[in-house]
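The block underneath contains the structure these notes are about, expressed in structure tokens.
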Amino acid sequence: MRNITTAWLRAIAKGGMLMGGMLAFAHAAPPAAPDVTIPTCNLQSGQTVVDFGAHTRAQVSSVQGGMSPGERQITVTAVCSVSQVLKLRFAGAQRNGQFAFGAAGYQKVMVMSAQVDGQPVMLALQKKGAESLGESQTSLTLEPQDVLVPVKNGEPVTGRQLMVIVAVMPVLHDEETRPAARTQTAEWLRLELVR
């Protein structure tokens with residue numbers, strides 16, 4: 001697979017007793033002189049920063065695996081100059097097979113829905129090193145290095161525009177919700193449009 005476009009998502013947590021978070025999105029610069037044989041693609045988000053805010057322990061919710069300041073959603077759109085299968089790879093710091101967050105927590109990353117050229121599609125995962133696609137679903141929870149593939153009837157869909165809604169939820173261990181002083185935690189996720 002070859003990278004077409006890379007974007008970064010940044011999750012930051014800050015707070016008096018706990019943390020919040022923020023998701024930042026940065027775009028890779030397009031090539032200076034594009035080759036006509038290489039499609040030009042752009043990866044963008046409707047929001048460049050998602051801030052989970054500052055929270056005390058009393059303001060966070062108990063979730064499976066720990067405590068969370070909640071879930072935030074952003075829309076991510078990939079647009080290419082030619083029709084092709086638009087695949088997204090999610091990467092970032094890892095801890096126990098999940099996206100790391102804070103000193104001991106993790107980030108739950110989900111894709112809630114997808115459209116290719118304005119038409120709803122199903123989603124399938126291609127695990128790192130695997131040739132075949134997983135089962136088609138309307139929403140998926142991702143692990144580091146997973147490749148998200150839009151599908152219809154079990155086959156990859158081609159198009160010029162892919163739109164997905166990505167939900168991120170930091171999950172902190174109990175001890176992280178009781179800091180001795182104000183703290184801030186930041187993590188990055190990387191999204192890549194791949195071929």
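The values are calculated or read from the model by the stated rules, or taken from the named source; none is laboratory data. Quick caveat, the model's predicted, so the values are computed rather than measured. In this analysis, Cβ positions are derived from the backbone assuming ideal geometry, glycine residues included, and neighbour counts consider all displayed protein chains. Remember, those area values only see protein heavy atoms, side chains included, never the ligands or the DNA or RNA. Shrake-Rupley method; radii C 1.70, N 1.55, O 1.52, S 1.80 Å.
Numbers for the structure displayed
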item: Net lengthening on full extension, S62/R182 (0.36 nm per residue, minus Cα-Cα); result: 41.1 nm
item: Qualifying GluC sites (Glu not before Pro) in segment 53-138, DSSP loop, other Cβ atoms within 10 Å at most 12; result: E131, E135
item: Mean-position separation - Cα centroids, segment 44-92 and segment 124-195, in angstrom; result: 9 Å
item: Under 5 Å, built H, 5+ apart or other chain: amide partners of Q94; result: A100
item: Å² of accessible area per residue within segment 94-144, as computed with a 1.4 Å probe and no ligands counted; result: 53 Å²
item: Residue-wise HN-Hα coupling along segment 73-81, computed from phi with Karplus coefficients 6.51, -1.76, 1.60 (Hz; x: Gly, Pro); result: 10, 9, 9, 10, 10, 10, 10, 10, 6
item: If the convex hull is drawn through the Cα atoms of segment 80-140, its volume per residue in Å³; result: 125 Å³
item: Shape parameters for segment 101-195, alpha-carbon atoms, Rg then Dmax in Å; result: 16.4, 53
item: Amide H within-cut-off set for R160, under 5 Å, with H built and near neighbours excluded; result: Q84, D117
item: Segment 69-195, accessible surface, carbon-and-sulfur percent (1.4 angstrom probe); result: 46 percent
